[in-house]
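Visitor: One structure follows; several queries about it will come next.
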Amino acid sequence: MIVVVVTAVLAAPVGATTDDMARLPVSSRFLCTNCHILADPQAGSADLNDFGFDFLGAGRLWTSELAQLDSDDDGCTNGAEIGDVDGNNQLDDGIEFESSNPGLTGDCSSAAWEHMSWSELKDLFNGS
Ligand SMILES: [Ca+2]
Ligand SMILES: [Ca+2]
């Protein structure tokens, strides 16, 4: 599996990022960092983040399966982070740009907490 992914990365044409960005429902906030790790913003980097690898594995297409994954393992699905929960390639109501980054761990939890009511928080701790 790793060999397949590495081969696909090496085979990717230069400049593919722009085309790939257009395949997401929205990419206006994080642009190429939805899929790539930019260690040095000046130089840039083609290294993929965890969402980038899953996007590649999905045939470089935004699918409902990809939307349901939590690529960066931060508790929010890729769909919730992008703003298209069901992955139908239509942004959810009121969404104009990514809510958080699907390839960056830990950037969505605070937003999720802020949107919970006190009764929802209580239910969470009570396990009901
Ligand atoms: Ca996530
Ligand atoms: Ca995230």
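Rundown of residues vs (1) of a type in the set (D, E, K, R); (2) surrounded by fewer than 20 Cβ atoms within 10 Å (Cβ to Cβ), yes/no style:
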site: Gly52; (1), (2): no, no
site: Gly59; (1), (2): no, yes
site: Glu65; (1), (2): yes, yes
site: Gly83; (1), (2): no, no
site: Asn89; (1), (2): no, yes
site: Asp93; (1), (2): yes, yes
site: Phe97; (1), (2): no, yes
site: Gly103; (1), (2): no, no
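Visitor: Of everything in region 89-125 that's of a type in the set (Asp, Glu) and modelled with pLDDT of 80 or more, which residue is farthest from Ala22 (Cα to Cα)?
Guide: Asp123
Visitor: Exactly one of these conditions fails for Leu38: (1) part of a helix (DSSP H, G or I); (2) at pLDDT below 95; (3) surrounded by 14 or more Cβ atoms within 10 Å (Cβ to Cβ). Give me its number.
Guide: Every condition holds for Leu38 apart from (1).
The values are calculated or read from the model by the stated rules, or taken from the named source; none is laboratory data. Predicted model, so just to flag it, every value in this text is computed and none were measured. Don't worry about glycine lacking a Cβ; one is built from the backbone with ideal geometry, like all the others, and counts go over all protein chains shown.
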